[in-house]
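One structure below.
The values are calculated or read from the model by the stated rules, or taken from the named source; none is laboratory data. In this text, all values refer to a predicted model and were calculated from it rather than measured experimentally. Note that we place each Cβ from the backbone using ideal geometry, even for glycine, and neighbour counts take in every protein chain shown.
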Amino acid sequence: MSSQRIKQVNMLIQEVLGEIFQKECHFPDNSLVTILAVETSPDLLYSTIIVSVFPEAQEKEVIQYLEKDIFDIQQVLNKKLAMHPVPKIRFEIDRTEFEAEKIEKLLEEIKEPNDK
């Protein structure tokens with residue numbers, strides 16, 4: 001499958017899931033859930049949806065909600081997309097910022113002894 005086709009499928013899934021999140025999903029109050037990326041397998045059978053949750057304290061609650069309602073979300077996605085097969089979705093929390101923060105702290109710790 002061409003990488004251009006995968007990119008188009010990723011963009012389409014991200015757009016449609018964004019609409020589903022706005023209209024169909026009931027996330028915890030005062031939380032912001034953003035779809036950062038969609039990564040679809042080359043055979044178009046699976047898509048990993050990478051989401052960001054703010055505030056970070058509500059990540060666990062949001063991912064539990066998404067996993068609990070994944071069947072319903074998948075069904076709505078299947079109806080809205082005119083393609084076969086529609087990739088089976090799974091959700092993942094974005095850890096980039098958390099990992100960057102960890103690395104930043106480690107770098108500061110390394111730097112401190114040299115500053116003294």
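The table for this structure:
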item: Matching residues, the stretch 76-91, being without any contact (Cβ under 8 Å) to a residue 40 or more places away in the chain and either aliphatic (A, V, I, L, M) or exposed (fewer than 11 other Cβ atoms within 10 Å of the Cβ) (or both); result: K79, A82, H84, V86
item: Number of the exception - R5 against (1) assigned to a helix (DSSP H, G or I); (2) charged (D, E, K, R); (3) modelled with pLDDT of 95 or more; result: (3)
item: Residues satisfying the stated conditions in the stretch 82-104, i.e. at pLDDT 85 or above and closer than 18 Å to A37 by Cα; result: V86, P87, K88, I89, R90, F91, E92, I93, D94
item: Some residue of the stretch 51-60 being modelled with pLDDT of 95 or more and touching a helix residue (DSSP H, G or I) at 6+ places or on another chain (Cβ under 9 Å); result: yes
item: Selected residue (only one of L45, L36, L12 is surrounded by 11 or more Cβ atoms within 10 Å (Cβ to Cβ), among the aliphatic types (A, V, I, L, M) and touching a helix residue (DSSP H, G or I) at 6+ places or on another chain (Cβ under 9 Å)); result: L36
item: Meets criteria (over 16 Å from the mean Cα position of the chain (by Cα), closer than 23 Å to E15 by Cβ and not polar (S, T, N, Q)) for P42; result: yes
item: Strands (runs of 3 or more DSSP E) wholly inside the stretch 15-116 containing at least 1 residues that are basic (K, R); result: 88-93
